[in-house]
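The values are calculated or read from the model by the stated rules, or taken from the named source; none is laboratory data. The model shown is predicted, which means the values in this text are computed figures rather than measured ones. Glycine also receives a Cβ, built like all others from the backbone with ideal geometry; neighbour counts cover every protein chain displayed. The accessibility values were calculated without ligands, DNA or RNA, using every heavy atom of the protein model including side chains. Shrake-Rupley method; radii C 1.70, N 1.55, O 1.52, S 1.80 Å.
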Amino acid sequence: MLVEALGNLGVQVLNAVLNILDVLPDMPQAVVSALGNFFDLVFDNCSLIGFFVPLPLVKVLLPLVVLVVNFEHIYAGVMWILRKIPVLGIE
């Protein structure tokens, strides 16, 4: 719930900045509808995964896989933040 709220806040801030800067042109309606149809196709058929792998297992393992694959980037980001705190003395 907290992660969802932070994600929504991030999207709202990004939308506000992009609306103020007005740097992105409007997408053609054909592209928007094609992307909408694609995402509807993917997310409406998620129940097919349940035939091969139990969904509770997928819900647990998917974040772990993302964490392991991106561990190097996550570690670099955490260390960058910790180096910004002078009290800790991490260099």
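Checking LEU9 against (1) hydrophobic (A, V, I, L, M, F, W, C); (2) open to solvent by less than 90 Å² (accessible area, probe 1.4 Å); (3) within 17 Å of the chain's Cα centre (by Cα): exactly one of these is not met. Which one?
Unmet condition: (2).
If ASN45 satisfies every condition in (1) at pLDDT below 85; (2) surrounded by 10 or more Cβ atoms within 10 Å (Cβ to Cβ); (3) among the polar types (S, T, N, Q) but one, which is the exception?
(2)
Residues in the stretch 6-13: is at least one in a loop (DSSP other than H, G, I, E, B) and of a type in the set (Val, Ile, Thr)?
No; the residues of the stretch 6-13 include none that is in a loop (DSSP other than H, G, I, E, B) and of a type in the set (Val, Ile, Thr).
Filter the stretch 23-42 for residues that are part of a helix (DSSP H, G or I) and either open to solvent by 100 Å² or more (accessible area, probe 1.4 Å) or hydrophobic (A, V, I, L, M, F, W, C) (or both) and give the result.
GLN29, ALA30, VAL31, VAL32, ALA34, LEU35, ASN37, PHE38, PHE39, LEU41, VAL42
Pick from ILE20, ILE74: which is open to solvent by 90 Å² or more (accessible area, probe 1.4 Å), in a helix (DSSP H, G or I) and free of Cβ contacts under 8 Å to residues at least 12 places away in the same chain?
Answer to the check: ILE20.
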